[in-house]
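See structure below.
The values are calculated or read from the model by the stated rules, or taken from the named source; none is laboratory data. Fair warning: this is a prediction, and the values are worked out from it, not measured in the lab. These area figures cover heavy atoms from the full protein model, side chains too; ligands, DNA and RNA do not enter into them. Shrake-Rupley method; radii C 1.70, N 1.55, O 1.52, S 1.80 Å.
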Amino acid sequence: MTSISAAPALFGRWSDNAWVRFAVRRTGRLVVSVWVLITASFLMIHLIPGDPVRAALGPTAPADLVQARRASLGLDDPLLTQYLHYLRGVFTGDLGTSMTSQLPVSELISQRLPATLALAVLAFLAAVAIAVPAGAVMGALTRGGRARRSELAFTSTSMVLGTIPEFLLGVALVYVFAVNLAWFPVAGRSGASSYVLPVISLAVAPAAALARILRVDMVSVLQADYVRTARAKRLPATAIYLKHALPNALTASLTLCGLLLSSMVAETVLVENVFAWPGLGSTIVSSILNKDYPTVQGIVLVYGVGVLVVNLLVDVALALLDPRSVIREG
């Protein structure tokens with residue numbers, strides 16, 4: 001057992017470790033960010049003008065019903081009491097009760113979250129599967145100013161595809177492939193075929209952006225000294241590209257991958273409404289229209305925590321791929 005007198009020395013050794021400092025800093029940032037997110041989601045219902053209960057029940061609802069609903073939701077308590085109750089509920093899994101369905105918000109989220117995650121993750125994997133080979137191949141073909149026409153065509157096409165809004169692409173895909181050709185379902189989540197059009201809608205723009213950036217990174221990496229050394233050693237082209245160039249180009253693009261995954265989770269809101277997808281996106285839109293603020297609060301909180309966790313995982317992955325960054329930061 002470590003003695004009390006030896007504890008400061010042990011703590012000093014830990015604090016001198018760059019990885020420990022990295023973990024402490026990232027954990028501290030995550031805790032503060034989650035606290036800010038929880039506080040903002042709590043204040044959401046109090047910053048909205050008017051009475052949220054009256055807005056949810058409608059102008060013709062009896063006053064006694066409105067008062068009873070306010071009391072059941074704890075909205076008549078002091079603001080600090082409500083905040084502490086909300087904090088306790090968040091950490092115990094109690095996000096309140098839906099004003100429209102009278103179901104627990106946590107239950108609604110648990111029912112809808114898998115559909116949203118499945119859509120976002122599949123779209124992310126599809127985007128990466130398209131962007132990595134496309135960007136890497138184009139980087140190899142256009143290195144050192146080669147194939148200028150191919151570079152121009154690739155850059156122009158990826159820029160156009162990257163600017164198409166997801167919901168607009170979704171509407172076009174539904175009209176062509178679901179309504180006219182009847183190849184895929186128009187809406188809903190029923191079988192593997194129902195994933196095709198929503199996944200394409202979400203994946204096209206991120207894939208185009210990632211492929212364009214990965215091509216630039218690949219061109220830069222192929223001009224590095226260690227690649228020139230590998231060529232001078234007459235290593236096989238596959239070893240140069242796959243073992244030396246591509247991993248380093250992917251490391252530079254990993255941050256963008258994390259941002260893409262975070263944005264895809266948020267962009268499911270629009271795509272889910274185009275395809276009537278039974279996820280959090282369609283639920284939050286209907287909750288906003290119905291002024292079901294506890295449900296909106298809970299879903300916003302889930303989206304926010306998801307983005308924070310993805311960013312943390314990206315930081316950890318970058319640190320593992322490039323430990324020198326941890327040392328420099330420390």
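Computed from backbone phi with θ = phi - 60° and the Karplus coefficients 6.51, -1.76 and 1.60, the 3J(HN,Hα) list for the range 287-302 is 5, 5, 5, 8, 6, 8, 5, x, 5, 4, 4, x, 5, 4, 5, 5 Hz; x is used for glycine and proline.
At a temperature of 20 °C and a viscosity of 1.002 mPa s, determine how fast the range 68-135 diffuses translationally according to Stokes-Einstein, using the Kirkwood radius over alpha-carbon pairs as Rh; express D in µm²/s, rounded to the nearest whole number. The diffusion coefficient I find is 143 µm²/s. Beyond 23 Å, the tail of the calculated P(r) for the range 40-179 holds 62 percent of the Cα pairs. Here is the P(r) of the chain: all C-alpha pair distances, binned every 20 Å from 0, give 24, 45, 26, 4, 0 in whole percents. For Leu95, nonlocal amide neighbours, meaning residues 5 or more places apart or on other chains whose placed amide H falls under 5 Å from its own, are Val105, Ser106. On full extension, the segment bounded by Leu242 and Thr100 gains 45.7 nm, given 0.36 nm per residue less the C-alpha separation. A 1.4 Å probe, protein heavy atoms only, puts the accessible area of Arg228 near 130 Å². What the phi angles of the range 310-315 give under the Karplus curve with 6.51, -1.76 and 1.60, with θ = phi - 60°, is a coupling list of 4, 4, 5, 5, 5, 4 Hz, glycine and proline written as x. Computed from phi, the 3J(HN,Hα) profile of the range 77-93 under the Karplus parametrisation 6.51, -1.76, 1.60 (θ = phi - 60°) reads 6, x, 4, 5, 5, 4, 5, 5, 5, 5, 4, 4, x, 4, 7, 10, x Hz, with x in place of Gly and Pro.
Comparing Val271, Val36, Val174 in a Gaussian network model of the chain, where Cα atoms under 10 Å apart are tied by springs, the biggest mean-square fluctuation is seen for Val36. Ordered from longest to shortest, the equivalent ellipsoid semi-axes for the range 205-280 are 37, 10, 9 Å, each the square root of 5 times a Cα gyration tensor eigenvalue.
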